[in-house]
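Asker: After the structure tokens below, expect a handful of questions from me.
What follows draws every value from the coordinates through simple rules; no lab data is involved. Fair warning: this is a prediction, and the values are worked out from it, not measured in the lab. Positions of Cβ are generated from backbone atoms using ideal geometry, with glycine treated the same way; all protein chains shown enter the neighbour counts.
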Amino acid sequence: MPRSDDKTLYVLPDGTEALLDGTCREPFSILGRHNAGAVDIVRVFYPDARRVRLVIRRPQGGWAERAMRRIDDTGLYVGYVPAGASYRLRITWADGVEETEDPYAFPPLLSERELELFSSGRATGLDRIMGAHPMQVDAVAGVRFAVWAPHARRVSVIGDFNIWDGRRHPMRLRPDVGIWEIFIPGLGPGERYKYEILDAQGRIVPHKSDPFARQAEIPPATASVIGTSGDLPWTDEVWMRDRARRQADNAPITIYALHAPSWRRPKGDPALTMSWDELAAALVPHVQAAGFTHAGFLPVMEHPTGWSWGGVPLGLFCPSARHGPPDGFGRLVDACHGVGIGVILDWIPDRLPPDLHGIACFDGTALYEHPHPRPHDRSAAEGTPLSCNLGRPEVHGFLIASALMWLEHYHVDGLRVDLRGCAAEHRDEIAAFMRELNMAIAQRVPDALVIASGGLPGSGITMPVERGGYGFSFEWNRATPCGLRTYLEHDPQWRGQHHGEIIAQSAQAFSEKYILCHSHAETAHATPSLLSRFPGDAWRRHATLRIYLSFLWAWPGKKLAFMGQEFAPDIAWNPDGQLPWETADLSLAAGTRRMAGDLNRLYRACPALHRGDCVPGGFAWVIADDMTNSVFAWMRHDPDNAPVLIICNMTPEVRHDYHVGVPHEGYWHEIFNSDAIAYGGSGVGNGGGVQSRPYAIHGHGHACVLTLPPLGVLYLSMARVGS
């Protein structure tokens, strides 16, 4: 063994000055263990330590201590151990003593295969490669960090564990792909951290949260949090086994869309937010009682404070900490599945916030996003979302890993892909990305739904990729609900002049597989509530809203209602407040809520109302030309079940002895009447049903002679169906 005063042991390698001033690109070439024949020289950097000692494992067992020499006032300590010997560090701080392994004694942990897959954008389970992951290396517990910053000169992990000092834990660069990694012993779940990045010009960019973080601080705090490893505990085996059947094209799908923070506030206080567990206790029974098959959440991903809808995500891998730890979100999903309710999330791959603690200008360049002017100037970008650069394979992999993580780790049943913010000049790369995304999901999670919400060029949105389409399960259809709403906004006496606008909707009803939706964007802030758009007094406005819902629930396509529509609020949705629950039990609102629940249950119980939602044979006009009376009638068909006849009277006039052709002789039960007294209506109807008469009309050999209620919708079927 050499003498402790052997000066050759303390000769510092090239690059030490760069390490000390925080600009070293290769810290592992200086720090850690370096062989010098019979001994290994060990260098560590602890600028705030009082002293550092080596704790060395003896060959015969036990441990021995040896002091390390501090090099001047640099904070660099140098010592030696027998070649290959295990060692630990005992560090004396001003407030105590810490014993730990040396982070720089560990080899690279990411394999060459993982790096190759990352750079190609084809890595499966990328979220398990990148980010912060608790693990054991050589029986030593700690956390492996990995982050992509190819243009950086230095990247360090900072946190409470190193007093947010970027000199303490500079990372190892894997230069072929631009990934930086380090394993830090002794860390575990719950620790806060960020990345300190020195850009190519030698500037430290604003400290960055982890793009792959599984957990974050509660905003407005911005640090990432080391999450737990392993799978969540699940009790949803029955749901997962039956999910493919429940989400098929011919299944009944009705989605209750909501914004989790503003659905209900604790004590009604706008400053408070329900936890995931509180949502599970209150929301799940509400959705179940209303008869919906799915709950659809506006983005639950972490997002900046100023973006109250969550529409510009900051953390694509972590549920918002506003509602509590991530495992609480898993319990919410599990609770939904336990009562037969699926979960769909809004997922936004085309834009990111300009907040400089996020992934914008991550390594000092436009890395995840398309280039934009003055990337370091907050005033240039504040308030304007940036466009993700989907032309980069690494960004492809990042986004696809996020989608798969929600579907696999959190058992989410579908993603609504929001593309409304994509710029026209990027449409081609978005189209290519969407096909790649849908192929990846079809391979890994074939029974999950992927729903397009617009922004894609051309047709074939729901056609399989192998047939030249985009491969989505469904596409949002705003045109039909908006067209119907516009029609109903006209005074009833003039609606006949706009009859053709409704008829035209049927021409496109099967051009894709649709979900009919009245989205949140049409109910927020200065936008009038749906109820307040309709003409007339309170009774007529509620009756018209009942038409709106009854019409859409009988029209081809799956259904989506935004929260609150089930009880007809008279005010616009405010994402910073809550729904006006104090009005939900008023007589007209309660009637609408009762009707909405019955519509959902009827839609599920009547095969003709849902099995043909995506096939032209499931729909046929009966009366499309009665502009004088503003009456529409159509039939919903299923080959193996009784058809359902739908008649809509769009005026407040009662229509007596109104003849409607039907295909079969017999008794037609009135299975639904939107004018029922229980729904707040006037109670005009047909006494439970009518017997058809044998004469030809509307292309059929039989007819029902009906009383059409004012501003009302009837459903009739030869099968008796309880609502």
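Asker: Return one number: the angle in degrees, 0 to 90 and rounded to the nearest 10, between the long axis of the Cα atoms of helix 427-444 and the longest principal axis of the Cα atoms of the chain.
Answerer: Helix 427-444 sits at roughly 90 degrees to that axis.
Asker: Report the Rg/Rh value for region 177-246, based on alpha-carbon coordinates and the Kirkwood definition of Rh.
Answerer: Working: Rg = 18.2 Å, Rh = 15.6 Å.
Answer for region 177-246: 1.17.
Asker: Kindly give the semi-axes, whole Å and largest first, of the ellipsoid equivalent to region 616-717, taking each as the square root of 5 times a Cα gyration tensor eigenvalue.
Answerer: Values: eigenvalues 84, 45, 36 Å².
Square roots of five times the eigenvalues give 21, 15, 13 Å.
Asker: Right, another one. Rounding to the nearest 10 and keeping the result within 0 to 90°, find how far the Cα-based axis of helix 326-338 lies from the longest principal axis of the chain.
Answerer: Long axis of 326-338 versus the principal axis of the chain: about 30 degrees.
Asker: I've got another one for you. Rounded if a/c is under 1.5, else prolate if a/b is larger than b/c, else oblate: which is region 454-533, with a ≥ b ≥ c the root eigenvalues of its Cα gyration tensor? Intermediate values should be presented prior to the final figure.
Answerer: Details: a/c = 3.85, a/b = 1.70, b/c = 2.27.
It is oblate, given that a/c is not under 1.5 and a/b is not larger than b/c.
Asker: Averaged across orientations, what area in nm² does the convex hull of the alpha carbons in region 7-102 project?
Answerer: Numbers: hull surface 25.8 nm².
Mean shadow area of the hull around the Cα atoms is 6.4 nm².
Asker: Along the three principal axes, how long is region 112-225 when you take its alpha carbons, biggest first, rounded to the nearest angstrom?
Answerer: The principal-axis extents, from largest down, are 39, 34, 27 Å.
Asker: Among DSSP beta bridges whose residues both lie in the chain, state the antiparallel percentage, nearest 5.
Answerer: Working: 97 of 126 bridges.
Expressed as a percentage, antiparallel bridges in the chain total about 75.
Asker: Among all stretches of the chain without exposed GluC sites (Glu not before Pro) (DSSP loop, at most 16 other Cβ atoms within 10 Å), which one is longest? It would help to have the intermediate numbers written out before the result.
Answerer: Numbers: sites that count: Glu217, Glu382, Glu653, Glu665.
Maximal segment without exposed cleavage sites: 383-652.
Asker: Computed over the Cα atoms of region 529-655, what is the convex hull's projected area averaged over all directions, in nm²?
Answerer: 8.9
Asker: While we're here: Defining a contact as two alpha carbons under 8 Å apart and six or more residues distant in sequence, what relative contact order in percent does region 616-717 show?
Answerer: Details: 254 pairs, mean separation 32.3, N = 102.
Here the relative contact order equals 32 percent.
Asker: Let me ask something else about it. Is there a quick way to get the dipole size of region 7-102? I mean about its Cα centre, with the Cβ of Lys and Arg at +1 and of Asp and Glu at -1; what is the value in debye to the nearest 20?
Answerer: Values: 14 positive and 14 negative charges, 107 e Å.
Dipole about the Cα centre, nearest 20: 520 debye.
Asker: Between the helical axis of 479-489 and the dominant principal axis of the chain, each derived from Cα atoms, what acute angle in degrees is found, rounded to the nearest 10?
Answerer: So the inclination is approximately 50 degrees.
Asker: Turning to a different aspect of this structure: Counting only trypsin sites (Lys or Arg not before Pro) that sit in a DSSP loop (anything but H, G, I, E, B) with at most 14 other Cβ atoms within 10 Å, what is the longest stretch of the chain containing none of them? Before the final figure, lay out each step's value.
Answerer: Values: sites that count: Arg3, Arg50, Arg203, Arg420, Arg720.
No qualifying site falls inside 421-719, the longest such stretch.
Asker: Taking just the alpha-carbon atoms of region 90-163, what radius of gyration and Dmax come out, in angstrom?
Answerer: 15.3, 48
Asker: Just tell me which lysines come within less than 24 Å, Cα to Cα, of Lys194; anything on the same chain fewer than 8 places away is out.
Answerer: Lys208
Asker: For the chain, divide the Cα radius of gyration by the Kirkwood radius and give the resulting Rg/Rh value with two decimals. Mind dumping the intermediate values first?
Answerer: Numbers: Rg = 31.6 Å, Rh = 28.7 Å.
Rounded to two decimals, Rg/Rh equals 1.10.
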